[in-house]
Amino acid sequence: MLLFSVLILGVALKADEEQAALLQRKHAVDDEAASAKEAAEKPAAASDAAAAKGRAQVLVMVSDHGSGTSNLEKALGTHPCMFSLGETFGTKLLWSKGKDPAECTPGRGGEFVLFDADSGNFNPGSVPPIEKEIAGSIEDCLSNNLGKDRSPIDSAHSLFPGLQYNLADYYVRVRDLVCKGVPADVCPPSDCTISVKMFPAHVDGKAVEQFTKADVATECTRKKNEKAMEAWKKELGNLKQNPKIATLKVTRNERDRQFSTFHRFGIDPEFDCSFPRPPSSFATASKAYADVEIQNENCWADAPGAEKCLRDALQLVNLSAESKGFLQAATEVIIGQSTNTKQEIATESCSTSPAATFKRMANGEVHEKDDTVQVADQVPDCTPHRLPDYSWSWCPAVGAVPAPLNVPEAVAAPAPAEDPEDPEDPEDPEEDPELVPEAIVSPAPEDPEDPEDPEEDPELVPEAIVSPAPEDPEDPEGPEVSPEGPEDP
């Protein structure tokens, strides 16, 4: 009887264990289902939270001149809901600027500045030129995207009343003004987005560029950049805190960026490719504030690289890259830049001549310096000669016409001992044509049939031997001279 009871109890215990195992498996399945449901609901909840917070409507490209931002903006601008404004500030038109340090020479300036960086005070006197600039940028942007027959925008004056020292707020105001002019059938108002550039120059900063090893920043530049860095970080922080702003840090190899500025904007005579350049202090500081960073060389590499850069940028403002025709058109813009860049690199860049030095020629062009050839082969002949306006020109003034080397009378003359740009020097041949050696400016024979001065017809007289203009009895000083030569067109 006892044995029978033990058997019954064992069977019961086994049944209980099996029941417990079944319940455990059921709970596990239930837990897995609950987890799956929670995971499925999380994106929707995040999306709802993002929608309540508001999507980014302004894409700010944090970069500097020569980085290739214009090409990227042009590509993004092919999207129907992306309106690219470029630089909303620029030369002499600044967002903020502090008082120049004592190390800087007084008298510089002439800028129009919206905010005093030292006090944060608004400068209403700077509104008119900055308003004119931004209104023109908006008009151009909308005309390029919507056509010339669209309605003009309201006055850009609405951007400034009550404006605080907060660049993010200004950018949002600009976006709202732009999108007021965009029809809903072109882009839904909720998707309308602008892109702008933010450069150190907008807060009176300047990336220190080293075109040769001998180049060093002046004490004035260093002190100014210290003050500008405070404004730079302040505004980057304001951008990061504003939910309507997304920041895209756009970088380029620093040596190539500097070569681009040398090639396009500079007046410096040479650029040495042989040593590396570190990123600027402004570029380094912006890393902590950017939402996404892209390297433009990756965008230019090939079509997949271009598409990735475009998708990364649009994702920041929640726009779809699958908009009809966008990826193809935008990629073609970027690859077109890549092709042009490679064509330039083939002959005119540090990329294929990393140890070369490039020289700015007399006509403004930039070519690789070759120390084995004569200077005359690189710079036009420096024989002094008259220009059509009767002024004298000394090479290598931009736009100067070199003297013909096959004219015997065009004997090369040394440059004057004194500075040819000094108008007070009475011995300067530029001031008195009569002091120039006759072998250089022999009078042209008079034509009895032509009562006019033969100099008025440059085709009749070789430029190297044009005679002096006739003296004006009313003007004892002789003809007006221009040591700088003609203006560069």
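Assigned by TED's automatic domain parsing to the domain that holds K244, hydrophobic (A, V, I, L, M, F, W, C), at pLDDT below 95 and closer than 26 Å to D256 by Cα: is that true of A301 in this structure?
Spelling it out, A301 is indeed assigned by TED's automatic domain parsing to the domain that holds K244, hydrophobic (A, V, I, L, M, F, W, C), at pLDDT below 95 and closer than 26 Å to D256 by Cα.
Starting from the range 59-79, take each residue that is assigned to a loop (DSSP other than H, G, I, E, B) and list its partners that are small (G, A, S), counting only C-beta distances under 6 angstrom and pairs at least six apart or across chains.
Between residues of the range 59-79 that are assigned to a loop (DSSP other than H, G, I, E, B) and residues that are small (G, A, S), the close pairs are D64/A207; G66/S260; G77/S84; T78/A329; T78/A330; H79/S323.
Before we move on, is E254 in contact (Cβ under 8 Å) with a residue 24 or more places away in the chain, surrounded by 17 or more Cβ atoms within 10 Å (Cβ to Cβ), more than 30 Å from K359 (Cα to Cα) and acidic (D, E)?
no
Test of understanding: among V196, V172, which residue is of a type in the set (A, V, I, L, M), at pLDDT 95 or above, on the phi < 0 side of the Ramachandran plot and surrounded by fewer than 20 Cβ atoms within 10 Å (Cβ to Cβ)?
That would be V172, the only listed residue that is of a type in the set (A, V, I, L, M), at pLDDT 95 or above, on the phi < 0 side of the Ramachandran plot and surrounded by fewer than 20 Cβ atoms within 10 Å (Cβ to Cβ).
Residues checked against (1) more than 29 Å from D116 (Cβ to Cβ); (2) among the basic types (K, R); (3) buried (at least 17 other Cβ atoms within 10 Å of the Cβ):
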position: V182; (1), (2), (3): yes, no, yes
position: F211; (1), (2), (3): yes, no, yes
position: K227; (1), (2), (3): no, yes, yes
position: W232; (1), (2), (3): no, no, yes
position: G237; (1), (2), (3): no, no, no
position: K249; (1), (2), (3): no, yes, yes
position: I267; (1), (2), (3): yes, no, no
position: S281; (1), (2), (3): no, no, yes
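Given the structure, is N144 over 20 Å from E235 (Cβ atoms), touching a residue at least 60 places away in the same chain (Cβ under 8 Å) and within 26 Å of the chain's Cα centre (by Cα)?
Yes; evaluated as a whole, the condition is true for this residue.
Among (1) at pLDDT below 95; (2) in a loop (DSSP other than H, G, I, E, B), where does N144 come up short?
Result: N144 passes all but (2).
Just one of D116, D154 is in the same structural domain as V203 (by TED's automatic domain parsing), surrounded by 11 or more Cβ atoms within 10 Å (Cβ to Cβ), more than 22 Å from the chain's Cα centre (by Cα) and at pLDDT 95 or above; which is it?
That would be D116, the only listed residue that is in the same structural domain as V203 (by TED's automatic domain parsing), surrounded by 11 or more Cβ atoms within 10 Å (Cβ to Cβ), more than 22 Å from the chain's Cα centre (by Cα) and at pLDDT 95 or above.
The values are calculated or read from the model by the stated rules, or taken from the named source; none is laboratory data. Model, not experiment: these values are computed from the prediction. Note that each Cβ is placed from the backbone with ideal geometry, even for glycine, and that neighbours are counted across all protein chains shown.
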